[in-house]
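Everything on this sheet refers to the single structure shown next.
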Amino acid sequence: MKNKIYCAIFFVTIFLIQPLGAQHIDTAKLDSLFDKLNEKNKAMGSIAISKNGKILYERSIGYAVISEKEKIKASDDTKYRIASITKMFTATMIFQLVEEKKLTLATTIEHYFPELPNARLITISNLLNHRSGLANYTSIPGYETWAQSSRTENEMLSLIEKNKVDFQPNEKTVYSNSNYLILGYIIERITKKSYDKNLKDRIVSKIQLTETYVGGLTDVKKKECFSYQYFNGWVQEAETDMKLSGGAGCIVSTPRDLAHFIEALFSFKLISQTSLEQMKTIRDGYGMGMMPIPFYDKKGLGHGGSRYGFRSMLTYFAEDSLAIAYCTNGEVYLMNNILIGALCIYFDKPYAIPTFNVFYIKPEVLDTYTGVYTNEEIPLNITITRDSTSLIAQATGQPAFLLEAVEINKFKSDPTKAKIEFRSEEKELILKQGGGIYIFTKKN
């Protein structure tokens, strides 16, 4: 783990290890799971489960919009920012262009962007399977502040150009949003049409998606939703113009449309079987626009997304002709755990609906935990404050997150996978995260 507290999970692999058989879907039990998540304010979002092209289950919980003026409940028509699931759409369009002989997987990017580092060595294939070595633009220091304003294509390319490559092309696999941002620009260069127009012509109109398009700033009139964090109530997250993410993460959609898309993709309605096999070929954990998502003995393929409070996951289990898509705009209980629950219920695996019982600690005891904690080896502080009957933690330069009490002195944060234990007499805070244990001392 790097020395920082992560408040956003890009994607989480669903991984369990025992074999099981497919069974009939228990919609009542699925409803019980989502009823409990809704009742306890553990999640907001929508799910769709589809088999052989037929929706078997849809459910939406929470709100699309929460403000002083209005509260709009989420519905099956609520549209979410799907973040990096966009990459599956981008890869699909690239393979369509390959099939049209307008480029090849061996084409180098110097034909389009000669100014980029290693342009004469980086191929379309390297971009698709994250083996280009280009710096991930979303990880460049200062990007979050820089991205608060609209940026042009030239500005985005200049940002990537100014940063040194992380490694030489095809040397290894490292996930980088820059790869798919550039692929999106290449689609526009070749077709002389916008990414949005390509998306409409090449995918949306072909398979009759009705709720999928390139987003911008949130438009409530289009049934788009905002994202939220929970601090004794849902608090709206910041937003950016989605067009900034281009082919790496600019699409708005619904779970219903996403399920339809991945079923069409695996049915060769968008690209050929040969192209799909190339997309599915996994190398060092990644394919071309998709990645493995195993569940028990089931072998799923798909992609996840995470950005500014939005989380999403799209998976297809080919042996079962099963698609599952989940989008959330408010995560307290981990998306991964929700999907594990939904799939356990679908496949009739024994599964207990979580109770989310809260361990109560008196406010005066919580007050003894508040303060600023430091670690001489880690260049950040952790500030602990109290809001009503809960604790809130915030690391230097990072968003705050709620701590949930599990017993006296011990707290957890599901979204960040962090556990914190307070030793009041020693004036210490012990952070456990990502396999590491870090001791912070309370300032006087």
remark   = Given (1) at negative phi; (2) touching a residue at least 40 places away in the same chain (Cβ under 8 Å), Ile282 misses just (2)
query = In the range 404-421, which residues are touching a strand residue (DSSP E or B) at 6+ places or on another chain (Cβ under 6 Å) and part of a strand (DSSP E or B)?
reply = Glu404, Ala405, Val406, Lys410, Phe411, Lys412, Ser413, Ala418, Lys419, Ile420, Glu421
ask   = Of the residues Lys412, Lys349, which is over 30 Å from Thr240 (Cβ atoms) and either among the basic types (Lys, Arg) or touching a His at 6+ places or on another chain (Cβ under 6 Å) (or both)?
value = Lys349
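Quick one: in the range 325-363, which of the residues that are among the aromatic types (Phe, Trp, Tyr) and at negative phi is nearest to the chain's Cα centre (by Cα)?
Checking each candidate, the answer is Tyr326.
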task = Identify, by number, the condition in (1) surrounded by 16 or more Cβ atoms within 10 Å (Cβ to Cβ); (2) in contact with a Ser or Thr (Cβ under 8 Å, 6 or more places away or on another chain); (3) of a type in the set (Asp, Glu) that Asp414 doesn't meet.
result = (2)
query = For Leu314, are the conditions met, namely being under 15 Å from the mean Cα position of the chain (by Cα) and in the same structural domain as Glu239 (by TED's automatic domain parsing)?
reply = yes
task = Please find, among Val98, Val174, the residue that is among the β-branched types (Val, Ile, Thr) and under 26 Å from the mean Cα position of the chain (by Cα).
result = Val174
ask   = How many of the residues in the range 270-279 are in contact (Cβ under 8 Å) with a residue 12 or more places away in the chain, part of a helix (DSSP H, G or I) and not hydrophobic (A, V, I, L, M, F, W, C)?
value = 2
note = When restricted to Lys87, Lys102, Lys69, the only residue surrounded by fewer than 17 Cβ atoms within 10 Å (Cβ to Cβ), out of contact with any Cys (no Cβ under 9 Å at 6 or more places or on another chain) and within 24 Å of Gly246 (Cα to Cα) is Lys102
inquiry  = Among the numbered criteria (1) on the phi > 0 side of the Ramachandran plot; (2) at pLDDT 95 or above, which one does Leu301 miss?
reply    = (1)
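Residue-by-condition table, conditions (1) buried (at least 19 other Cβ atoms within 10 Å of the Cβ); (2) over 19 Å from the mean Cα position of the chain (by Cα):
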site	(1), (2)
Leu181	yes, no
Thr191	no, yes
Tyr195	yes, yes
Val204	yes, yes
Lys221	no, yes
Met242	yes, no
Thr254	yes, no
Leu265	yes, yes
remark   = Taking the range 159-200 and keeping residues at pLDDT 95 or above, farther than 22 Å from Lys243 by Cα and aliphatic (A, V, I, L, M) leaves Val174
request  = Check the range 309-316 and report whether any residue there is of a type in the set (S, T, N, Q), assigned to a loop (DSSP other than H, G, I, E, B) and in contact (Cβ under 8 Å) with a residue 24 or more places away in the chain.
outcome  = no
Residue check for Ile17: at pLDDT 95 or above and touching a Phe, Trp or Tyr at 6+ places or on another chain (Cβ under 8 Å) = no
key: Extreme residue, nearest to Lys54 (Cα to Cα), among residues of the range 250-269 that are touching a Phe, Trp or Tyr at 6+ places or on another chain (Cβ under 8 Å) and not in a helix (DSSP H, G or I)   = Thr254
task = Output yes when any residue across the range 187-198 is of a type outside the set (S, T, N, Q), under 19 Å from Thr138 (Cβ atoms) and either not in a loop (DSSP other than H, G, I, E, B) or not assigned by TED's automatic domain parsing to the domain that holds Ala147 (or both), and no when none is.
result = yes
message = Condition first: modelled with pLDDT of 95 or more and either β-branched (Val, Ile, Thr) or closer than 22 Å to Thr328 by Cα (or both). Now tell me which residues in the range 386-424 satisfy that.
response = Ile420
ask   = Among the residues of the range 65-79, is there at least one that is assigned by TED's automatic domain parsing to the domain that holds Asn179 and over 30 Å from Val235 (Cβ atoms)?
value = no
inquiry  = From the list Lys223, Lys243, exactly one residue is at pLDDT below 95 and either closer than 21 Å to Leu127 by Cβ or assigned by TED's automatic domain parsing to the domain that holds Leu339 (or both). Which is it?
reply    = Lys243
Test for Gly305: is it in the same structural domain as Val204 (by TED's automatic domain parsing), in a strand (DSSP E or B) and buried (at least 20 other Cβ atoms within 10 Å of the Cβ) = yes
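The values are calculated or read from the model by the stated rules, or taken from the named source; none is laboratory data. In this text, all values refer to a predicted model and were calculated from it rather than measured experimentally. As a convention, Cβ positions derive from the backbone with ideal geometry for all residues, glycine included, and neighbour counts pool all protein chains shown.
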